[in-house]
Amino acid sequence: MIGSTLQKVSRARSNKARLLALFLALSVIEGLYFPKELLLFGFTLSFYVLISYSHRRFHFMTETVSVFGITDILLWGMLFLSMLGILHPIRVQDGLLEALSWGIFWFAYRLGVQISSNETEKQHLVQYIQWLAIVVALIGWLPYVIRVAGRLSSVFGYPNATAAFLGAVLLLRPHSKLVQIILGVSLLGTGSRAGVGLFLVVFTGQQILLGIPSVYEWRQRFQKKGLKGLWPILLVLASTIFLLLYNRPVWDNFASIGFSSSSWQERLVYYKDGITLAWNAGGLPQAGGWMAFPTVQRFPYWTADPHSGFIHILLNQGILGVLSVGIWIIYSLAQAWKYWSKSRPELEETRSQVQAWGALLFLGLHSLVDADFSFAALGFLFWLLFGMIQKREERIRHSIFVHKLAANLSGKGMLVLSITLCLGSGNVLLNPTLLEREQSWNKQANQWREQDPVKSNVLWDRSLNWDQTQVGTRRDQASHLLRRGNLETGLKAVEEVIDWQPFDPETYEWAQAIVWDTAEVQRHTYPEKASMLYRWVESVPQKIEDRVALLTPTDRLLWRGYKDFQPSQHIQLLAEYARQR
């Protein structure tokens, strides 16, 4: 009886590592960046957690006793702030997906904690992660896999996200030299300057902590292995030379490193604009806050991501989210330093901790300057690794009452969140329009445009509250208001359309034309209102010229086409007609 029970427990633990590796493998498909993949993964993971909890297979109530500490509070807090951002949204859909991501991260952390006391299981999972990284790397080299500007992107679809994943796994120090070479050359193949640079910095830090071998030790190793010890070095050199000579885009990307590079300067612009958006929002959480960047940009660029985890959190979870993460980082690093000061570098457990912390530090630093946890696969890997390195003896230091309270809270949290995410993700997968409700409201607004103009305008307002980035809807509402004689409100709506497309000449032509048509209608009945509209039409060329006048030398360097951004002949002609009126 006892023997069979032990076999079942051993088999369950073995399956646990395999299941976690399977979930990680599912997550790397496009990096969980797009909504559909994120929803499908969230549904699958939450369903697994729900079933596991229901059957008590993994004993959540006992395994996660003390983990409900500062890390759990952080992750639940970020989820709550994401939901709070829906009350002050740019795009409600982004807020819901952001909350789903943080729920997934908490599950990853909890599942990692469950195996933190089992060194064998942790080793198995790390091996699975390394094999997964090899598959990701090899897929990127296949001839039929699309590359971005010649750079390795593999299943992530984005070279810098691929670099973050491969670099983190490489810092876990695979034992096989061949695996290290494959991952290292593939990391170079991504052409990611931030990925390679941060990897070298963190790798050097790891070597310092673990102890750099002396010249005598290197000599002893070489004498022991002879020429066999040279083949990894020669293979790395040959692979690197081949890569840089025959893959020019990668070499060109590395060669453009430096703060004179437009890539870095554009990122600095993203950060500045992100801080401006947060300031305009009063530091409050905003669902999809970054998508309002057209309203503050000084020159035309388009990017769905600010390329910075700091800006991402500042906008989506607000200043409170940034402070929470800052406190958690300080606390976690203090705990790590406390552990390191009492440890011996020669111990295998200590070396594993340093390797894991190196991977975590690399992912964290990389998220500040490039692909962040918007690629939820990177966040899943981060929190899974962080959960794995938690020490049981540091967790169980509470009274029996606190012990039971933590067990009850963690178990109920697993149950409630798994049910919520499972039902929510499942409903959206079955009915995608739940996330795109603005489309149905827009359709209804167009249907009621003539029969009930007031209802139509209310529906458009509701749609724009759900998704403020809809320029087409803003145009329809502005046209509707002007035609119904709501001149001040309609003119404000026209200005908002320009704010969302400030560098599109066609937008200025549309705005000028719609206001001109309204002025012509109002000319005989309300000449004073028509005069106000004519003056606005006349001012359109100046609005365009003012945009160019505000450009700094750096802005003009990054936007070479600023000289072509001028009022068109049509705009100038209509402005002249308005002046004559």
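Residues in region 68-80 carry Karplus couplings, in order, of 6, x, 5, 5, 5, 4, 4, 5, 5, x, 5, 5, 5 Hz; the curve used is 6.51 cos²θ - 1.76 cosθ + 1.60 with θ = phi - 60°, and Gly or Pro positions show x. A crude spin-label estimate for the pair W302 and N280, with each label 7 Å from Cα along the Cβ direction, gives 1.9 nm. Counting Lys and Arg as +1 and Asp and Glu as -1 over every other residue whose Cβ lies under 14 Å from the Cβ of E509, the net charge comes to -1.
Of the peptides 128-141, 312-325, the order by per-residue mean of other Cβ atoms within 10 Å, starting with the highest, comes out as 312-325, 128-141. Electrostatic bookkeeping for D372 treats Lys and Arg as +1 and Asp and Glu as -1; over the other residues with beta carbon under 15 Å from its beta carbon, the sum is -3. With both labels modelled 7 Å from their Cα along Cα-to-Cβ, the I73 to K492 distance reads 4.2 nm. Could you tell me how far the Cα centroid of region 126-148 sits from the Cα centroid of region 533-548, in Å? Region 533-548 and region 126-148 have Cα centres separated by 53 Å.
If Lys and Arg each add +1 and Asp and Glu each add -1, what is the summed charge of the other residues whose beta carbon sits under 14 Å from the beta carbon of N442? Display every interim value, and only then the final one.
On the way: positive: R437, K443, R449, K455, R462, R474, R475; negative: E436, E438, D461, D467, D476.
Neighbour charge sum, excluding N442 itself: +2.
The portion of the accessible surface of region 104-169 made up by carbon and sulfur, rounded to a whole percent, is 66 (1.4 Å probe; DNA, RNA and ligands excluded). Between Q439 and L210, the FRET efficiency from the beta-carbon distance, with R0 = 56 Å, is close to 0.50.
Measure up K36/K272; K122/K342; K122/K177 against 28 Å on the Cα-Cα distance and list the ones that go over. Walk me through the numbers before you get to the answer.
Details: K36/K272 31 Å; K122/K342 22 Å; K122/K177 21 Å.
From K36/K272; K122/K342; K122/K177, over 28 Å: K36/K272.
Per residue, the solvent-accessible area of region 434-580 (1.4 Å probe, heavy atoms of protein chains only, all protein chains present) comes to 55 Å². Amide hydrogen proximity for D370: with H placed 1.01 Å from N in the peptide plane, the residues at 5 or more positions away or on another chain lying under 5 Å are G309. For region 122-127, putting each phi into the Karplus relation 6.51 cos²θ - 1.76 cosθ + 1.60 with θ = phi - 60° gives couplings of 5, 5, 4, 5, 4, 4 Hz, in residue order, rounded to whole numbers and with x for Gly and Pro.
Measuring nothing but protein heavy atoms, the accessible surface of region 434-580 at 1.4 Å probe radius is 47 percent carbon and sulfur.
Hull volume per residue, based on the alpha-carbon atoms of region 120-172 and their convex hull, is 63 Å³.
Two numbers describe the Cα atoms of region 399-548: Rg and Dmax, which are 23.9, 84 Å. Each label point was placed 7 Å from the Cα along the Cα-to-Cβ direction; for L178 and I327 their separation is 5.1 nm. Largest first, the extents of the alpha carbon coordinates of region 134-205 on the three principal axes equal 36, 25, 14 Å.
Here the Karplus relation 6.51 cos²θ - 1.76 cosθ + 1.60, evaluated at θ = phi - 60°, turns the backbone of region 324-331 into coupling constants of 4, 5, x, 4, 5, 5, 4, 5 Hz, with x for every Gly and Pro.
Quick one: Debye curve from the alpha-carbon atoms of region 413-488 only, equal weights, vacuum; give me log10 I(q)/I(0) at q = 0.12, 0.15, 0.22 Å⁻¹ to two decimals. Calculated log10 I(q)/I(0) at the listed q: -0.45, -0.59, -0.92.
For E509 and Q580 in one chain, what is 0.36 nm times their gap in residues minus the Cα-Cα distance, to one decimal in nm?
23.7 nm
For the pair V148 and F254 in one chain, pulling the backbone fully straight at 0.36 nm per residue adds 36.7 nm over the alpha carbon distance.
The values are calculated or read from the model by the stated rules, or taken from the named source; none is laboratory data. Being a predicted model, the structure only gives us computed values, none of them experimental. No Cβ is skipped: glycine too gets one built from the backbone with ideal geometry, and neighbour counts run over all protein chains shown. All accessible areas refer to the heavy atoms of the entire protein, side chains included, with ligands and DNA or RNA removed. Shrake-Rupley method; radii C 1.70, N 1.55, O 1.52, S 1.80 Å.
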